[in-house]
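Student: Sharing a structure, written as structure tokens. Questions coming.
Rule-based calculations on the coordinates, nothing more; no lab input. Owing to the predicted nature of the structure, the values given are computational and were not obtained by experimental measurement. Here the Cβ positions follow ideal geometry from the backbone for every residue, glycine too, while neighbour counts run over all protein chains shown.
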Amino acid sequence: MSDPLRIRDATPEDAGLLFSLIGALAEYEQAADRVLGSEELLARALFGPAPAAEAVIAELPDAAGIAHPAGFALFHGTFSTWECRPGIWLEDLFVPPEHRRDGVGRALLRHVARIAVERGCARFEWAALDWNTPALRFYEKLGAEVLDEWKMHRVSGEALQRLAG
């Protein structure tokens, strides 16, 4: 990559940008109708009194040197009872099509991996859709291990309300 890529922590002023990138990711994943949040909810979750997650934004300069968003990563902490150490869960990683093959995805993953190492994390984990072959190949090249023996589970909406009972 010839352009200098910069990765920075997201700020409250980035909530709109992040929410639009989340919408673009949902569209790519053929699930745009499932985005039920809002820019305001995202801002509160990331920058409120008890942040639930963190985000970083990748930027590339244009010909005039003005930085423009080229992707983002949103992540939060986890904990391994077996390791008795924290971990990081990558909730979302998205690079718009025009910036793919520019090294942005790799740089974002490396950045979050460095955060995990600096924080003494035992693991850096994420999930990928089974049909997203380009992403699966990319993660495999980076050395990511696919955990076929684990099945993700989710309880949400009315089922969550019933379970909470």
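Student: Calculate the FRET efficiency for Ala164 and Ala64 from the Cβ-Cβ distance with a Förster distance of 41 Å, rounded to the nearest 0.05.
Tutor: Approximately 0.20, to the nearest 0.05.
Student: Around Gly87, with a cut-off of 11 angstrom between Cβ atoms, what is the net charge of the other residues, counting Lys and Arg +1 and Asp and Glu -1?
Tutor: It works out to a net charge of +1.
Student: So, one more: Given labels modelled 7 Å from the Cα in the Cβ direction, how far is it in nm from Thr133 to Trp150?
Tutor: With each label point 7 Å from Cα toward Cβ, the separation is 2.6 nm.
Student: What does region 88-165 give for Rg and for Dmax, in Å, if only its C-alpha atoms count?
Tutor: When restricted to the Cα atoms of region 88-165, Rg and Dmax are 15.6, 49 Å.
Student: Using a Förster distance of 22 Å, how high is the FRET efficiency between Glu13 and Leu41, based on the Cβ-Cβ distance and rounded to 0.05?
Tutor: Efficiency, from the Cβ-Cβ distance: 0.85.
Student: Looking only at Leu147, Leu42, Leu74, which one moves most when the chain is put into a Gaussian network model with springs between Cα atoms under 10 Å?
Tutor: In the Gaussian network model the winner is Leu147.
Student: Here is a further query. What does the charge add up to near His76, with Lys and Arg as +1, Asp and Glu as -1, over the other residues with Cβ less than 15 Å from its Cβ?
Tutor: Counting the neighbours of His76, the net charge comes to -2.
Student: Sticking with this structure for a sec: List, largest first, the extents of the alpha carbons of the chain along their principal axes, each in whole Å.
Tutor: Reported extents, whole Å, longest axis first: 57, 35, 33.
Student: Using only the Cα atoms, work out Rg/Rh for region 70-114, with Rh taken as the Kirkwood radius, to two decimals.
Tutor: Checking Rg against Rh, the ratio lands at 1.11.
Student: Could you let me know the centre-to-centre spacing of region 18-35 and region 119-151, using Cα atoms, in angstrom?
Tutor: Each part's Cα centre sits 20 Å from the other's.
Student: Suppose the Debye formula is applied to equal point scatterers at every Cα of region 1-85; what is log10 I(q)/I(0) at q = 0.16, 0.22 Å⁻¹?
Tutor: For the requested q values the scattering log ratios are -0.75, -1.08.
Student: Any number yet on Rg/Rh for region 42-122, C-alpha, Kirkwood?
Tutor: Rounded to two decimals, Rg over Rh is 1.05.
Student: Another question, if that's okay. Using alpha carbons only, what's the Rg to Rh ratio of region 89-133 with Rh from Kirkwood?
Tutor: Rounded to two decimals, Rg over Rh is 1.01.
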